[in-house]
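Since every read-out is calculated from the coordinates, none of them should be taken as a lab result. It should be emphasised that the depicted structure is a prediction, and the values quoted were computed from it without experimental measurement. Using ideal geometry, Cβ is built from the backbone for each residue, glycine included, and neighbour counts are taken over all protein chains shown.
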Ligand SMILES: [Zn+2]
């Protein structure tokens, strides 16, 4: 009886640990909006159009919306 009690306590502890770990791991893909929300926007030095930092073209004199504007500003 004592062994059964010990086993059930150990199983309960493992189950609690696993469910706690799964919720922590599972919480990340649940709210991708929260991770994506703070998108950095950069203004083009030529036309002032704001583009997402990942899509912006970085030049020597600033940030541009496209290669064409970078070439125009930095010949
Ligand atoms: Zn531009």
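Multiply the residue separation of residue 73 and residue 24 by 0.36 nm, subtract the distance between their alpha-carbon atoms, and state the gained length in nm to one decimal. Provide the component values of the computation, followed by the final result.
Numbers: separation 49, 0.36 × 49 = 17.64 nm, distance 4.77 nm.
Difference between extended and current length: 12.9 nm.
How do 66, 44 rank when sorted from fewest to most other Cβ atoms within 10 Å of their own Cβ? Could the numbers behind the result be given before it?
On the way: 66 16, 44 19.
With the sparsest Cβ surroundings first, the list reads 66, 44.
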| remark: Fewest-first ordering of 1, 41 by Cβ atoms within 10 Å yields 1, 41
